Amino acid sequence: MNELDRLRDAMRATERSAPTLDLVAVIREGRRLRTRRRIAGVGVATLATALAAIVVMVAVGARPGEPPPVDRPPPVAVSPTPKSEEPTPPPSTPPPKPLGRIVDSGVRHGADQRVYYVVQVSVPGQPRVSIGLAAGRRAPDGTLTTDILVNDVEGADRSPGFHQIGYDERSAAAPVPAFGYFVGPAQRIVGTVDGRQVDARLARWSLDKQVVIFWFEPAELTPGQRLDGIIARDGSGRRL
Amino acid sequence: MARGDGEFVEFAQAATARLVHAAFLMTGDHHRAEDAAQTALVRTYASWSRIRDDDAYGYARRVLVNHLVDGWRRPLREYPTEEVPEQRRDDVADEVVTRRWLTAILGALSPRERAIVVLRYYFDLPEAQVARELAISVGTVKSTSSRALEKLRAAGPSAADNQEARR
């Protein structure tokens, strides 16, 4: 028996009988998640693009054969829970309103700017989560279109360290460079992908300078490509 | 219970053990493994109407693995004094030895290497599918697998070897 066979055997030999998971809670949470996806799908679309709203809603809630990046929880919006399991009628929910200044990434999609901004969110049972970070596009007339919204689903949104990272899901009209935020005195954020180090661009949130918004240039990190690792360093190069 | 929930419960009961074990192999942490499996099932349920007639298990597995891979930045904890199910004493001893060996060698791997090893050698997925599920290239799967196996070889003899040596 070679090493690989032994590894296979060991992985199987250590299987245990199924632990008892609370499937009632699983179904309850699954229903909530489904509802949030539908509401968020409506919320991310602009009023001017009702058709796009439907497309985004489908894309966020249902991507055939390919689950969404799961560490990035679905966007969360506050709304009464619909009793029906049918999709919420579009598009009565206004797009999320930016809190503080909008960060221009310098990335352009035609005439639109790729921008990042903090928005208010509400997560049931999580009073310490009140903000999320949105990736959107700003048109020349100032209209904002939210492509992806990431937020914590547990804990505290201002706890030190990295929070959720958003990756392109191919659901938006333009590719979304990977982005996220770090809480702390980061002066440099470096991602690793395929053994290569990639520096992120940084901007501090205008309402809380501890919140460091970061994103990766599409030329450096292809939108949708996942990082293998990420670290933050302070001004003296010390790892945070 | 809504239409389809019965099917989902049946699916979840059948899939839970493997999902939890795969998560344990990737994390070395039973508590985290159960949380991850529960998260995967929640998300699978949320998409159930779409995937129930397709590859529901594959969907749940992808959700689980991506959830854990994306959570790499959280510190991994080990629980060396874990509970073991009731078994014959010899079986328990063997399993403990094997589990310790497995935990030690998998612990020497990076999160990505662990994910690739679990997908390739626990789920027996082909390299191309591993690459798709982790959104990386086939070349990266090959090179990472190779690196991981080198580490496994360097980690020393397996539990099986130890048991044979004791006989």
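Want the number for B:Asp5 to B:Asp54: 0.36 nm per residue separation, take away the alpha-carbon distance, what's left?
On the way: separation 49, 0.36 × 49 = 17.64 nm, distance 1.59 nm.
Extra length from B:Asp5 to B:Asp54 when fully extended: 16.0 nm.
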Legend entry - Virtual spin-label span in nm between B:Ala17 and A:Arg12, 7 Å along Cα→Cβ: 1.3 nm
Inset, instruction - List the residues of segment B:101-127 that lose 40 Å² or more of accessible area once all protein chains are present, compared with their chain alone (1.4 Å probe, heavy atoms only, no ligands or nucleic acids). - result: B:Trp101, B:Leu102, B:Arg112, B:Tyr121, B:Tyr122
Inset, instruction - Work through the residues other than B:Arg147 whose Cβ is under 13 Å from its Cβ and net out their charges, Lys, Arg +1 and Asp, Glu -1. - result: +2
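Rounded to the nearest 100 Å², what's the accessible area chains A and B bury against each other, both chains counted, probe 1.4 Å? Working shown, then result.
Numbers: alone 13500 and 10090 Å², together 18730 Å².
Heavy-atom accessible area buried at this interface is about 4900 Å².
Rounded to the nearest 0.05, what FRET efficiency is calculated for A:Thr143 and A:Gln120 with R0 set to 22 Å and r the Cβ-Cβ distance? Show your work: numbers first, answer last.
Values: r = 20 Å, r/R0 = 0.89.
For A:Thr143 and A:Gln120, the calculated efficiency is 0.65.
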Legend entry - Residue-span extension gain [A:Ala173 to A:Ala111] - 0.36 nm each, minus C-alpha spacing: 21.0 nm
Legend entry - Listing of segment B:24-43 residues, each with accessible area lower by at least 10 Å² in the full protein assembly than in the chain alone (probe 1.4 Å): B:Leu25, B:His30, B:Glu34, B:Gln38, B:Leu41, B:Val42, B:Arg43
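Can you compute the charge dipole magnitude of segment B:5-70 about its Cα centre, using +1 on each Lys and Arg Cβ and -1 on each Asp and Glu Cβ, nothing else charged? Give it in debye, rounded to the nearest 20. Show your work: numbers first, answer last.
Working: 7 positive and 10 negative charges, 34 e Å.
Roughly 160 debye for segment B:5-70.
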Inset, instruction - Give me the accessible area of B:Val117, 1.4 Å probe, in Å² rounded to the nearest 10. - result: 0 Å²
Inset, instruction - Give me the number: length gained by fully extending A:Ser206 to A:Ala219, i.e. 0.36 nm times residue separation minus the C-alpha to C-alpha distance, one decimal in nm. - result: 2.0 nm
Legend entry - A:Ala156 versus A:Arg238: modelled label distance in nm, points set 7 Å from Cα along the beta carbon direction: 2.1 nm
Inset, instruction - Using only the alpha carbons of segment B:5-70, determine the length spanned along each of the three principal axes and report them from longest to shortest in whole angstroms. - result: 32, 21, 15
Inset, instruction - Roll a 1.4 Å probe over the protein heavy atoms and report the accessible area of A:Tyr117 in Å², nearest 10. - result: 0 Å²
Inset, instruction - Could you check the simple spin-label distance between A:Asp194 and B:His31, using points 7 Å along Cα→Cβ, in nm with one decimal? - result: 3.8 nm
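The values are calculated or read from the model by the stated rules, or taken from the named source; none is laboratory data. All values reported here derive from a predicted model rather than from experimental measurement. No Cβ is skipped: glycine too gets one built from the backbone with ideal geometry, and neighbour counts run over all protein chains shown. When the accessible area is computed, the model is the full protein with side chains, heavy atoms only, and any ligands, DNA or RNA have been set aside. Shrake-Rupley method; radii C 1.70, N 1.55, O 1.52, S 1.80 Å.
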